[in-house]
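The values are calculated or read from the model by the stated rules, or taken from the named source; none is laboratory data. Here the structure is a predicted model, which is why all the values come from computation and not from measurement. Every residue, glycine as well, gets a Cβ built from its backbone with ideal geometry; the counts of neighbours run over all protein chains shown. Accessible surface areas use protein heavy atoms only, side chains included; no ligands, DNA or RNA. Shrake-Rupley method; radii C 1.70, N 1.55, O 1.52, S 1.80 Å.
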Amino acid sequence: MQSDLVKRGAAELRQVRKRSRGLYWAVALFSLFANLLMLTGPLYMLQVYDRVLGSGSEETLIALSVLVVFLYGVMGLLDYTRGRIMARVGARFQADLDRRVFDAVVRKSAVAPDIKTNAGLADLEAVQRLMTSPVLMAAFDAPWTPIFFAAIFLFHPMLGWLAVGGALVLVGITAANQLLLRESQAEAGVAGQAAGAMSDQIRVEAEMVQAMGMRDAAFTRWQKARGRALEQQVRATDVGGTFTAMTKTLRLFLQSAMLGLGAWLVLQNQMTPGAMIAGSILLGRALAPVELALNQWPIVQRGRLGWANLAELLGAVGIEPSRTTLPKPKARLTAKGLTVVPPGEKQAALKSIAFQVEPGQAVGVIGPSGAGKSTLARTLTGVWPPAGGSVRLDGAALEHYGTETLGRHIGYLPQRVQLFDGTIAENIARLSPNPDDAKVVKAAKMAAAHEMILELPQGYDTQIRAGQVRLSGGQMQRIGLARALYDDPVIVVLDEPNSNLDNIGSQALNHAIRQMKASERSVLIMAHRPAAIQECDMLLVLDGGMRMAFGPKDEVLAGMVKNHREIKQSPAHSGGVT
Ligand SMILES: Nc1ncnc2c1ncn2[C@@H]1O[C@H](COP(=O)(O)OP(=O)(O)OP(=O)(O)O)[C@@H](O)[C@H]1O
């Protein structure tokens, strides 16, 4: 099953690569001519040694040299052009897959984040780098290598066999290099990613690390992860370095051996001195792709690893089917037999839940920690798919809207509000590059964030950057609420919306809920605190993933004597807020 998915992902990658098939053929054709023109050097040597030096004709030397300059010029042009074509092939491959890989990374990370998924875009870049690297050009050159060997055989079979023997040893070394390096390079890659992920996590939580005196411990952990990566890297470099040195030495030796054998054959009158020099140059040309592949093996390995990881990622996260655009729904939400299993878990966090939300209603979802409230929020916003049962928005299953459209219909305020680099307006407008100012201000006013934002140094244009413009938890939550309300969603799902709000914030939230209700929209509030359910008409009580009660708020509360008393006694219920 797993490998079927990987095969599907690999097929998708190949499909994209195939789009540049015409260009690959062009590069292959250019490579043929470039390789034929590489015979220019040896042929020139042959002529200079055997003809010019023999005849002493300066005119011949000049004519030959002019011809060589021209041929080298053409060869350089062909080489340059095929390099440009391959750069475009790589860029096109990346551009064609950017969106798909980006979506897959985000979709998979929303459900089951892991280090491998994090590296999705870096994997795509690694494949693109391999496609544009000289080593891929060497792959185009390799098929023409026999031309060079054939030419050496023409000079003398003994020289030919020496060249073929040497080349075979070099290819053997390259293959051994690949076998030995594969494991340690893959391990170095994985360990490096783990160390990178750990340092990212420490940086994001730097405040906590600093405040709790965890810096030493965090460093020790990171160093351990980094140490593993370094150890593998050093091993890989050691092995790679040994092979590189071996090939370099062997190549130099082979070239001298060719000259030595050539000289002996000249002495035996079996060959001309020109052929001796030309044979040595030809050998260098023939072995160049092998040596290049060996030197650039890390790029090849990383590219191959990237390809394998991308195949796995794209196989696991299928292409989203395009959906027929449905009209803007009414705020009616119906859940039937809804069962949700958190990704990677075996046990359901919601078990066969049923409830209905009508337009103009606010429904409070209450229950102890781990009851399944956030799970319900994630399901209603389409992040976690139901394992059984259904959720329908105005009669259509949530997945029929497509995630982007669903996000516009159902606003979401998560428990932990995270803002992105950009202006406050862009954040409220959900990172839209052209925020609709009127909509931004409307949402901010509804979330009672307008005045607070105006007091910031640049108002709505205040840049939020990691480390700069520190907003308080309550300010973040209000901006998060404005973001949830942006563009008039028909339903908003608020997960612990007042956990960071002060009295004014809580009152503003209740005001926003009343406004939503008055405009026939509906609100779901996952809550611990009584103040949050003040405006709710209905209550859904969850415990251990099961529905314990659902109905009008007062009825449900009356049925829950203990909770009822607790909430009745809270100042929030008697008109105030916590
Ligand atoms: N990302 C996750 N991966 C695996 N299991 C999860 C994940 N998130 C929640 N769960 C599990 O699902 C169950 C319900 O958790 P959920 O977060 O929905 O509870 P909650 O009612 O929102 O709790 P709280 O009030 O503390 O936020 C818990 O048993 C929890 O372990």
- [ ] Pop the C-beta distance of VAL171 and GLN268 into the FRET formula with R0 = 35 Å and round what comes out to the nearest 0.05.
- [x] 0.70
Open item on the list: Quick check: pseudo-label points 7 Å beyond the Cα along Cα→Cβ at HIS511 and SER432, how many nm apart are they?
Closed with: 2.4 nm
- [ ] Using Cα pairs closer than 8 Å and at least 6 residues apart in sequence, work out the relative contact order for the range 1-316, in percent.
- [x] 36 percent
Task: Size of charge dipole - the chain - debye, nearest 20, with Cβ of Lys, Arg +1 and Asp, Glu -1, no other charges - done: 900 debye
Task: Percent RCO, i.e. relative contact order, over the chain, from Cα pairs under 8 Å lying at least 6 residues apart - done: 15 percent
- [ ] Residues in the range 369-387, backbone N under 20 Å from the label point at ALA354 (7 Å along the Cα-to-beta-carbon vector): list them, ranges by number please.
- [x] 376, 380, 386-387
- [ ] Would you mind checking LYS108/LYS373; LYS330/LYS553; LYS7/LYS116; LYS18/LYS328 for any pair whose Cα atoms are more than 28 angstrom apart?
- [x] LYS18/LYS328
- [ ] Can you bin the range 296-448 into rounded, prolate or oblate? Criterion: square roots of the alpha carbon gyration tensor eigenvalues sorted a ≥ b ≥ c, rounded for a/c under 1.5, prolate for a/b above b/c, oblate for the rest.
- [x] oblate
TODO: With a Förster radius of 25 Å, plug the Cβ-Cβ distance of VAL234 and GLU205 into 1/(1 + (r/R0)^6) and report the FRET value to the nearest 0.05.
DONE: 0.25
Task: Accessible surface, per residue, of the chain when the full set of protein chains is kept, probe 1.4 Å, Å² - done: 50 Å²
Open item on the list: Considering all alpha-carbon pairs of the chain, what whole percent are spaced by more than 35 angstrom?
Closed with: 57 percent
Open item on the list: Please enumerate, by chain and number, the aspartates and glutamates with C-alpha under 16 Å from the C-alpha of LYS248, excluding those fewer than 8 residues away in the same chain.
Closed with: ASP238, GLU291
Task: Order by protection proxy (mean Cβ within 10 Å, highest first), peptides 293-303, 448-458 - done: 293-303, 448-458
Open item on the list: Quick check: the distance between the Cα centres of the range 438-468 and the range 59-124, to the nearest angstrom?
Closed with: 43 Å
Task: Whether the range 74-179 is rounded, prolate or oblate, judged on the alpha carbon gyration tensor where a/c under 1.5 counts as rounded - done: oblate
Task: Part-to-part distance (alpha-carbon centres) for the range 150-166 and the range 368-386, which is given in Å - done: 72 Å
TODO: Mind giving me the nanometre distance, one decimal, between the label points for ALA87 and LYS336, set 7 Å out from Cα along Cα→Cβ?
DONE: 6.0 nm
- [ ] Provide the per-residue ³J(HN,Hα) series for the range 416-426, in order, calculated from phi with Karplus coefficients 6.51, -1.76, 1.60 and θ = phi - 60°, each as a whole number of Hz, with x at glycine and proline positions.
- [x] 10, 7, 10, 9, 9, 4, x, 7, 4, 4, 5
- [ ] State, as an integer percentage, the relative contact order of the range 317-379 based on alpha-carbon contacts under 8 Å between residues 6 or more apart.
- [x] 28 percent
Task: Length released on extending from ASP421 to SER472, taking residue separation times 0.36 nm less the Cα-Cα span - done: 16.7 nm
- [ ] Give, in nm to one decimal, the length gained when the segment between ALA397 and LYS224 is fully stretched (0.36 nm per residue of separation minus the Cα-Cα distance).
- [x] 57.5 nm
- [ ] Give me the percent of the accessible area of the range 1-316 that comes from carbon and sulfur atoms, probe 1.4 Å, all protein chains in place.
- [x] 66 percent
Task: Pairwise label distance in nanometres, ASP50 with ASP4, each label 7 Å out on the Cα-Cβ vector - done: 6.4 nm
- [ ] Calculate, for GLN347 and ILE115, the FRET efficiency according to 1/(1 + (r/R0)^6) with r their C-beta to C-beta distance and R0 25 Å; round to the nearest 0.05.
- [x] 0.50
TODO: First compute the accessible area of the range 386-434 with a 1.4 Å probe, then give the percent of it belonging to carbon and sulfur atoms.
DONE: 48 percent
